[in-house]
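Read the structure below first, then the notes.
The values are calculated or read from the model by the stated rules, or taken from the named source; none is laboratory data. Here the structure is a predicted model, which means the values were calculated and not measured. A quick note on method: Cβ atoms are made from the backbone with ideal geometry, for glycine too, and the neighbour counts reach across all protein chains shown.
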Amino acid sequence: MATATMRAGIATAEGIAIHKDLPRPVPAAGQVLVRVAAAGLNRADLGSAKANAQSPITVVGQEWAGEVVEVGAGVTNLKPGESVMCFGRNGGYAEYAVTEAGWVMPYNKSEIKLEQAAVLPLALLTAHDALRTRGSLKSGEKVLVQGASSAVGMMVLRVAKFLGASMVAGTSRDPSKTPRLQALGATHMLNSSKPEWADDLLKATDGKGVDVVVDFVSGTTVVGSMKACNVLARMVNVGRLGGGTAEFNFDQHAAKRITYTGVTFRTRSTQEITDIVTKARAELWSEVRAGRMDLPIDKAFKLEEAAAAHALMNSNGQFGKIALVL
């Protein structure tokens, strides 16, 4: 019997390439095989494409939506034919993808459009985990989203507002994006290219500062973020778009007794990610179903155009998410 094959976007030394005859994955115990209809792009995919270029064939893509085809042993909560959106460590740029059953979220196609379903998982999980679990956000507290114009930053704006934040401040180096970010939930926007941005935020909080910082930039902005913090604030380092190393003001960190937490899905266990999915669904799913957690989709590409989609993402020319449609 011939092995079933599929088209997929794989990591190569030259970037993403389409392999037209890759073996179709088979779900192991506790896993689910999904026929992919659309996939979302994330900056982590750029890193994955480079990191895995010299490894055995790696299919790129951490989020996708489609239909369950087959379930592995022990999976009882999902069945073939269900429409699902999924998170996975890799594999989404393909006609078929496998992931853990606990990382799969069934949805109703009459409530959520396909491309939205494909681009929501990673942003939704990251935002809820950063704000609620790592940032311990409580209703009435003030939030700063450092790098609010990133796609996941946009979701943090939405989730923070829903969770009752009294202020949802965001930073961006492009003032033209302010009206669109305000429409997504930002109550205050700051131009992080200006040296005085942290002082402006302190003035807006009567000198007290914010309670939670969700940081997608890090690098040289971290000192300004700490300056903008309240005493006992929580900072969650999600991304390093501004650099992985920089000056760190230990005196300021200690004086304000800031809790500084770093997060990444790369080192989380299967159960840890399953717990993140469970918590996000429990608190946010009614909002997702109602369309109040959607994200702007800048452009959709065909799978064969994955290299062009990566080029757009790498150029920072998009506003919101980029999707691949199979």
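Yes/no per residue for (1) in contact with a helix residue (DSSP H, G or I) (Cβ under 6 Å, 6 or more places away or on another chain); (2) under 21 Å from E111 (Cα atoms); (3) part of a loop (DSSP other than H, G, I, E, B):
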{"residue": "Y260", "(1), (2), (3)": "no, no, no"}
{"residue": "D275", "(1), (2), (3)": "no, no, no"}
{"residue": "A280", "(1), (2), (3)": "yes, yes, no"}
{"residue": "V288", "(1), (2), (3)": "no, yes, no"}
{"residue": "D294", "(1), (2), (3)": "yes, yes, yes"}
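Within the stretch 237-251, residues that are not assigned by TED's automatic domain parsing to the domain that holds T220 reach no partner that is small (G, A, S) and part of a strand (DSSP E or B) with beta carbons closer than 6 Å at six or more positions or on different chains. When R43 is tested against (1) surrounded by fewer than 24 Cβ atoms within 10 Å (Cβ to Cβ); (2) modelled with pLDDT of 95 or more; (3) within 25 Å of V168 (Cβ to Cβ); (4) not aliphatic (A, V, I, L, M), only condition (2) is not met. Filtering the stretch 211-253 to residues that are on the phi < 0 side of the Ramachandran plot and assigned to a helix (DSSP H, G or I) leaves T220, T221, V222, V223, G224, S225, M226, K227, F250, D251, Q252, H253.
Restricting to the stretch 169-197, and then to whatever is hydroxyl-bearing (S, T, Y) and farther than 15 Å from V217 by Cα, can you tell me which residue is surrounded by the fewest Cβ atoms within 10 Å (Cβ to Cβ)? The extreme case among them is S176.
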